[in-house]
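Trainee: Quick one: structure below, then a few questions.
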Amino acid sequence: MKFFSEIKENIAISYQAINSNKLRSLLATLGIVIGITAVTLMQTAIEGINLAFEKSIAAVGADVLYVQKFEWFGTEDWSFYKNRKELTMEQYDFLNKNSQTSTVMAPSTGVTRTVKFKDLSLQNVFVLGTTFEYQEVSGFNMIEGRYFTQRESDGGYPVCVIGTDISDAFFENTDPIGKTIKVGNYNFRIIGVIEKQGSLLGLFSLDNRIIIPLERFFNVFGDKRGLTFNIKAADINNVDETKEEVRWIMRKARKVPYGSADDFGLNAQEAFKSTYESLTGLIKVIGTMITGLSLIVGSIGIANIMFVSVKERTKEVGIRKALGARRSTILSQFLIESSMICLMGGFIGLLIAFPISLIIDAFVLPTAMPLWIVVLALFISLMFGLLAGFFPAYTAAKMDPVDSLRYE
Amino acid sequence: MEPLIEIKDVKKLYVMGLEELYALKGVSLDINNNEYVAIMGPSGSGKSTLMNIIGCLDTPSSGEYKLNGKNVNEMEDDELAEIRNKEIGFVFQTFNLLPRINALSNVELPLIYSGKKKDERIELAESALINVGLEDRMNHKPNELSGGQRQRVAIARALVNNPSLILADEPTGNLDTKTGEEIMILFEDLWSKGNTIIIVTHEEEIAQNAHRIIKIRDGLIADDYLSEKGKLIAEKTKQQTISV
Ligand SMILES: Nc1ncnc2c1ncn2[C@@H]1O[C@H](COP(=O)(O)OP(=O)(O)OP(=O)(O)O)[C@@H](O)[C@H]1O
Ligand SMILES: [Mg+2]
């Protein structure tokens with residue numbers, strides 16, 4: 001009880017002291033203002049880039065595995081990969097029959113072709129051949145029409161669903177459903193439009209796509225192309241289990257001898273993440289350290305001003321002690337004063353960082369300032385305040401009352 | 001009855017580089033409850049040093065000091081702070097008010113350090129200021145007050161926690177004669193209410209307000225006698241005892 005009332009009184013006293021020395025307190029805390037601004041901006045940028053990254057790989061699906069000929073981010077020499085064989089439909093059927101830990105899977109393959117509608121044409125459209133299960137694996141919705149059925153899929157019907165880029169380019173004012181487009185040299189009837197999916201890592205548009213039944217694909221574009229097996233894990237929290245299972249089934253299907261390495265790639269969203277983290281991790285650490293350095297410089301400034309302030313107020317300390325202030329009371333008075341100055345700096349820093357982060361967000365990079373950054377910034381300022389104030393406050397606390405009363 | 005203040009062979013040594021200086025060379029002194037004492041002596045004789053020791057602001061280099069029967073030599077820093085806060089009211093020659101806060105807040109200070117609540121503090125500080133006749137100056141800062149008014153604020157501050165012992169080191173030293181006399185009336189009043197009062201002064205007239213005069217020279221007590229007033233009072237109490 002006594003402890004809290006003492007802190008309360010000291011807050012009032014510190015407020016008084018800061019208030020009657022506004023300009024100096026403000027100048028003293030400038031370093032902290034700059035430090036907190038820098039640290040906060042750094043964190044909002046990191047946070048923003050992280051969020052943008054997560055968004056940009058969302059289409060990959062956190063619970064989807066992709067069995068392919070190669071790993072996405074292989075690290076071995078080319079000689080390690082060069083003898084690998086394509087994945088086949090027999091292997092797919094074997095996998096599909098034996099997997100217990102996946103809900104649904106679909107094989108797929110693709111080419112790029114020019115797509116035409118009347119006299120309009122689009123080059124380099126990605127044509128994906130897959131089965132009716134693909135929508136469920138991928139998890140996208142249709143904004144118009146529907147996805148193809150098992151009958152259309154198995155029968156290799158000349159139907160297709162298109163991405164929004166294509167519907168925007170060809171059917172600005174008309175209904176695309178039922179229209180026929182030319183993919184390469186072959187006609188396909190549009191039965192649906194997929195909702196906008198954005199792009200992968202901002203590079204590869206997922207909306208510039210046409211999806212057709214795999215059977216049809218084999219017929220018109222050939223069946224020698226490598227396949228991808230798209231597998232949806234049964235439990236999103238246990239993707240690793242599915243991954244292991246798929247690995248063993250695939251090794252069996254491809255007759256990989258015991259003890260030798262996989263001859264296929266088993267890919268997942270996580271591969272993007274770990275690659276992203278290994279690329280950006282060091283940058284983040286260094287950035288945080290450099291901006292953190294400005295806080296340390298700032299707190300040295302505070303310590304400096306606090307030493308001057310304590311020296312100047314030697315007589316005040318003497319008077320307070322003569323009237324019954326204990327050492328701990330004086331210590332906490334000056335600690336609270338320096339913490340309040342730093343908190344003020346932190347607060348101003350946040351007020352500056354917030355609009356700047358909005359400007360950066362609008363013109364340069366995505367940023368995000370969640371509450372935890374605000375709380376952390378204020379907490380850090382408080383800590384630096386305590387740190388910077390400790391030695392000055394300690395000097396004040398151990399002053400001799402008679403000597404300090406005599407001080408002029 | 002046990003004396004309020006018991007000082008036995010107290011010495012205070014100051015060391016400055018190679019030079020050693022005894023500000024007090026062995027002072028022994030008893031002061032009872034409700035005494036009114038003036039300490040006199042030439043400049044540098046050790047009056048302030050003695051006052052600081054009595055007021056628990058300083059500790060003796062050797063010798064013994066008991067306040068209210070408790071040995072001050074053995075006390076920790078925090079205990080001394082508590083005694084300064086609760087038992088002792090200090091009045092200084094240079095007032096020693098905090099310049100940035102008003103009279104009321106200055107008087108509140110000792111109450112803050114004894115942990116009183118805000119409401120109670122305001123009430124006590126106000127009545128202390130009213131007692132010294134400053135009811136219309138409570139919100140003035142020290143630099144908006146005259147010397148006499150500042151010393152009244154300082155006295156209100158010394159009294160606000162109701163201490164039994166009032167120590168005043170040249171309380172009138174910075175005041176003109178008339179203002180000084182007004183301050184002395186306040187002390188007289190305090191004494192009649194039962195407080196023990198010790199003042200340091202250079203001026204004979206001021207010292208004559210006290211009942212006992214102690215003269216210090218070169219860090220030693222040179223004289224210790226009753227003033228005219230003190231003799232009168234002693235006479236009166238004697239007569240009272242006889243007539244009873
Ligand atoms: N902190 C100190 N360091 C060294 N010497 C000191 C210190 N404080 C006091 N003295 C010396 O001790 C002696 C007594 O000082 P003190 O202040 O008690 O004198 P005083 O009787 O109060 O004088 P005045 O009437 O001028 O106030 C002086 O010679 C002074 O120089
Ligand atoms: Mg003196």
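Trainee: Which of the GluC sites (Glu not before Pro) found in the stretch B:144-244 are loop residues per DSSP with 16 or fewer other Cβ atoms within 10 Å of their Cβ?
Mentor: Taking the stretch B:144-244 and a limit of 16 other Cβ atoms within 10 Å, the loop GluC sites (Glu not before Pro) found are B:E203.
Trainee: Where a Cα-Cα gap under 18 Å defines reach, which aspartates and glutamates qualify for A:K182, not counting those fewer than 8 residues away within the same chain?
Mentor: Within reach: A:D119, A:D165, A:D168, A:E172, A:D207, A:E215.
Trainee: While we're on this one: Mind running the shape call on the stretch A:103-232? Use the C-alpha gyration tensor, a ≥ b ≥ c as the square roots of the eigenvalues: rounded below 1.5 for a/c, prolate if a/b tops b/c, oblate otherwise.
Mentor: Because its axes are fairly even, with a/c under 1.5, the stretch A:103-232 counts as rounded.
Trainee: Ok, one more. Run the dipole for the protein assembly as shown about the Cα centre, Lys and Arg Cβ at +1, Asp and Glu Cβ at -1, nothing else charged, and hand back the magnitude in debye, nearest 20.
Mentor: Around 1600 debye, computed over the protein assembly as shown.
Trainee: Pick from B:H202, B:H140, B:H211: which residue has the top mean-square fluctuation in a GNM of chain B where Cα pairs under 10 Å get a spring?
Mentor: B:H140
Trainee: Here is a follow-up. When the convex hull of the Cα atoms of the stretch B:138-218 is projected onto a plane and the area is averaged over all directions, what value comes out in nm²?
Mentor: 6.2
Trainee: Right, next: Where does the charge balance sit around A:R254 when Lys and Arg score +1, Asp and Glu -1, over other residues with C-beta under 9 Å from its C-beta?
Mentor: Residues close to A:R254 contribute a combined charge of +2.
Trainee: Now for a different question. Please go through the stretch B:38-133 and write out the GluC sites (Glu not before Pro) that DSSP classes as loop and that have at most 16 other C-beta atoms within 10 Å.
Mentor: B:E76
Trainee: Taking θ = phi - 60°, what integer Hz values does the Karplus form 6.51 cos²θ - 1.76 cosθ + 1.60 yield along the stretch A:130-142, in sequence order, with x for Gly and Pro?
Mentor: So the Karplus estimates, Gly and Pro as x, are 7, 9, 5, 6, 4, 4, 5, 4, 6, x, 8, 10, 9 Hz.
Trainee: Moving on to the next point. Could you check the spin-label model distance between B:N174 and A:K284? Points 7 Å from the Cα along Cα→Cβ, value in nm.
Mentor: Modelled inter-label distance: 6.1 nm.
Trainee: Using DSSP to define loop residues, name the trypsin sites (Lys or Arg not before Pro) in the stretch B:144-244 whose beta-carbon has at most 12 other beta-carbon atoms within 10 Å.
Mentor: Listed in order of number, the matching sites are B:K193.
Trainee: What is the packing order of peptides A:47-60, A:226-239, A:268-281, taking the mean over residues of other C-beta atoms within 10 Å and listing the highest first?
Mentor: The packing order, highest mean first, is A:226-239, A:47-60, A:268-281.
Trainee: Also: What 222 nm value per residue comes from the helices of chain B, counting each DSSP H run with n ≥ 4 as -39,500 (n - 2.57) and dividing by all residues, nearest 500 deg cm²/dmol?
Mentor: Computed ellipticity for chain B at 222 nm equals -11500 deg cm²/dmol.
Trainee: Once you sort the root eigenvalues of the Cα gyration tensor of the stretch B:4-145 as a ≥ b ≥ c, which label holds: rounded (a/c under 1.5), prolate (a/b larger than b/c) or oblate (the other case)?
Mentor: It comes out prolate by the Cα gyration axes.
Trainee: Please give the FRET efficiency for B:K117 paired with B:D224, using the beta carbon to beta carbon distance and R0 = 60 Å, rounded to the nearest 0.05.
Mentor: Approximately 0.85, to the nearest 0.05.
Trainee: Per residue of A:10-18, how many C-beta atoms from partner chains lie within 10 Å of its own C-beta, taken as a mean?
Mentor: Average per residue, whole number: 2.
Trainee: Give the accessible surface of the protein assembly as shown per residue, rounded to a whole number of Å², with probe radius 1.4 Å and ligands, DNA and RNA excluded.
Mentor: Counting only protein heavy atoms, the per-residue value for the protein assembly as shown is 49 Å².
Trainee: When chain B is treated as a GNM, springs tying every alpha-carbon pair under 10 Å, which of B:V91, B:V153, B:V72 comes out with the largest mean-square fluctuation?
Mentor: Residue with maximal mean-square fluctuation among B:V91, B:V153, B:V72: B:V72.
Trainee: Among the aspartates and glutamates, which have Cα under 15 Å from the Cα of B:K231 when same-chain residues fewer than 8 positions away are ignored?
Mentor: B:E35
Trainee: Of B:S43, A:M369, A:I212, which is farthest on the positive side of the dipole of the protein assembly as shown, counting Cα position, with +1 on Lys and Arg Cβ, -1 on Asp and Glu Cβ, and the Cα centre as origin?
Mentor: Looking along the dipole axis, the top candidate is A:I212.
Trainee: Moving on. Could you tell me the ratio Rg/Rh of the protein assembly as shown? Both radii from Cα atoms, Rh via Kirkwood.
Mentor: 1.35
Trainee: Report, in order of residue number, the helices in chain A meeting two criteria: a C-alpha extent of 15 Å or more along the helix axis, and a mean Kyte-Doolittle hydropathy of at least -1.0; treat each whole DSSP H run as one helix.
Mentor: Both cut-offs are met by A:2-19, A:30-56, A:269-312, A:327-363, A:371-397.
Trainee: Which whole-number percentage describes the relative contact order of chain A, with Cα contacts under 8 Å and a sequence gap of 6 or more?
Mentor: Computed over chain A, the figure is 29 percent.
Trainee: Averaged across B:154-160, how many Cβ atoms of other chains sit within 10 Å of each residue's Cβ atom?
Mentor: Going residue by residue through B:154-160 and averaging, the value is 1.
Trainee: Could you pull out every residue, at least 5 positions away or on a different chain, whose amide H is within less than 5 Å of the one on B:L24? Hs are placed 1.01 Å off N in the peptide plane, and Pro or chain starts have none.
Mentor: Answer set, sorted by chain and number: B:K12.
Trainee: Report, by chain and number, residues whose modeled amide H sits under 5 Å from the one on B:Q93, excluding near sequence neighbours (fewer than 5 apart, same chain).
Mentor: B:D169
Trainee: Please give, to one decimal in nm, the separation of the simple spin-label points placed at B:N143 and A:D77, each 7 Å out from Cα toward the Cβ.
Mentor: 8.3
Trainee: Give the average, rounded to an integer, of partner chain Cβ atoms located within 10 angstrom of each Cβ in B:84-92.
Mentor: Shielding by partners across B:84-92 averages 3.
Trainee: Quick one: with all protein chains in place, what share of the accessible area of chain A is carbon or sulfur, to the nearest percent (1.4 Å probe)?
Mentor: Roughly 61 percent, rounded to a whole number.
Trainee: With the cut-off at 32 Å, tell me which of the pairs B:K25/B:K178; A:K232/A:K255; B:K12/B:K236; A:K116/A:K243 have Cα atoms farther apart than that.
Mentor: B:K25/B:K178; B:K12/B:K236; A:K116/A:K243
Trainee: Summed for both chains, how many Å² of accessible area, to the nearest 100, are buried between A and B with a 1.4 Å probe?
Mentor: 2200
Trainee: Determine the shape class of the stretch B:15-83: with a ≥ b ≥ c the square roots of the Cα gyration tensor eigenvalues, call it rounded for a/c under 1.5, and otherwise prolate if a/b is greater than b/c, oblate otherwise.
Mentor: It comes out oblate by the Cα gyration axes.
The values are calculated or read from the model by the stated rules, or taken from the named source; none is laboratory data. Values in this document were obtained by computation on a predicted structure and should not be read as measured data. Glycine also receives a Cβ, built like all others from the backbone with ideal geometry; neighbour counts cover every protein chain displayed. The protein model used for the area step is the full one, side chains on, heavy atoms only, and it has no ligands, DNA or RNA in it. Shrake-Rupley method; radii C 1.70, N 1.55, O 1.52, S 1.80 Å.
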